[in-house]
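Have a look at the structure below before the remarks.
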Amino acid sequence: MAKNGVLVVTGGSRGIGAAVSLLAAERGFAVVVNYASNVAAAEHVTAQILAKGGEAIAVRGDVSQREDVEHIFAAADRLGKVTGLVNNAGMTDRASRVEDMTAERINRVLAVNVTGSFLCAAAAVKRMSTRHGGTGGAIVNLASGASKLGGPGTFVDYAAAKGAIDSFTIGLALEVAGEGVRVNSVRPGLIDTEFHDLTGDPDRVAKLVSGVPIPRAGTALEVAYAILWLLSPEAAYSTGTTITVSGGRAI
Ligand code: NAP
């Protein structure tokens with residue numbers, strides 16, 4: 001049994017989630033590496049963890065679907081006691097103005113980024129909260145600088161979804177603060193992952209980097225360090241707050 005219990009990382013197979021999964025395993029968590037469709041990427045992460053003597057399983061599941069979330073957490077229960085959740089799974093769609101967005105697109109962006117975070121947090125709270133017989137734990141949500149910048153001409157729907165995550169972090173944190181569960185978020189700026197390919201512009205990161213005071217994109221690992229700190233006992237008195245990892249960009 002891993003010394004820090006089981007950490008569920010949604011979207012733990014690529015980008016920031018993969019960096020969190022690998023670092024969490026090094027820090028003594030057994031890791032549930034959730035993914036939506038790319039099984040090879042997920043198994044690449046779990047193989048690296050297992051090769052170093054850690055514990056991890058890859059679990060497919062769409063976080064926006066309640067049955068899938070139940071499946072993810074049932075797998076976590078089989079691994080051990082759930083002590084943490086990183087609500088990392090997120091997506092956007094191709095760059096678009098608001099008047100060109102379909103209801104289907106908007107609903108999907110909100111379902112994955114917002115509903116998915118609510119459903120996973122609910123499953124985690126049912127296991128970790130002292131109200132439900134648990135012994136406590138921590139949740140970290142992935143916010144985004146987009147909630148402050150708005151994503152004009154590109155992804156206002158995604159930016160609005162991340163605005164919802166800002167409110168969700170505060171509200172859930174206050175709801176469970178007396179129950180041994182801390183809820184915080186990390187707000188990344190421009191991080192070099194495959195996420196940006198979803199907008200349809202392969203040069204997106206290079207184009208935006210000139211607006212960053214530390215003149216480069218951040219790495220997934222640099223975001224993971226902040227997430228792991230919020231999960232750790234060193235953050236025992238921090239809840240309902242946000243760490244911005246943006247290279248100095250004011251977001
Ligand atoms: P990424 O490289 O595109 O990886 C996305 C991950 O989420 C993949 O593991 C993917 O799995 C998974 N995923 C997508 N939809 C899912 C669903 N419905 N259910 C379960 N898993 C799903 O993204 P990233 O850049 O690491 O971003 C991670 C988080 O940070 C997101 O919440 C994003 O909004 C946030 N963020 C990123 C940046 C940035 O600059 N990159 C900035 C601010 C905030 P599959 O491979 O199987 O599809």
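The values are calculated or read from the model by the stated rules, or taken from the named source; none is laboratory data. This is a predicted model, so every value here is computed, not measured. Don't worry about glycine lacking a Cβ; one is built from the backbone with ideal geometry, like all the others, and counts go over all protein chains shown. Accessible surface areas use protein heavy atoms only, side chains included; no ligands, DNA or RNA. Shrake-Rupley method; radii C 1.70, N 1.55, O 1.52, S 1.80 Å.
Quick check on residue 191: is it open to solvent by less than 30 Å² (accessible area, probe 1.4 Å), more than 20 Å from residue 121 (Cα to Cα) and out of contact with any Leu (no Cβ under 6 Å at 6 or more places or on another chain)? Yes. For residue 212, the test of being among the hydrophobic types (A, V, I, L, M, F, W, C) and over 21 Å from residue 117 (Cβ atoms) is passed. At least 3 residues being within 14 Å of the ligand (Cβ to nearest atom), within 30 Å of residue 23 (Cβ to Cβ) and open to solvent by 30 Å² or more (accessible area, probe 1.4 Å) is the threshold, and among the helices (runs of 4 or more DSSP H) wholly inside the stretch 81-161 those reaching it are 146-149.
A Cβ distance below 8 Å, combined with a sequence gap of six or more or placement on separate chains, defines the contacts here; from the stretch 1-17, residues that are within 26 Å of residue 191 (Cα to Cα) and open to solvent by less than 10 Å² (accessible area, probe 1.4 Å) reach residues that are part of a helix (DSSP H, G or I) and β-branched (Val, Ile, Thr) in the pairs 8/72; 9/20; 10/72; 12/20; 12/45. Being assigned to a helix (DSSP H, G or I), without any contact (Cβ under 8 Å) to a residue 40 or more places away in the chain and crowded, with 23+ Cβ neighbours inside 10 Å is a condition met by no residue of the stretch 50-70.
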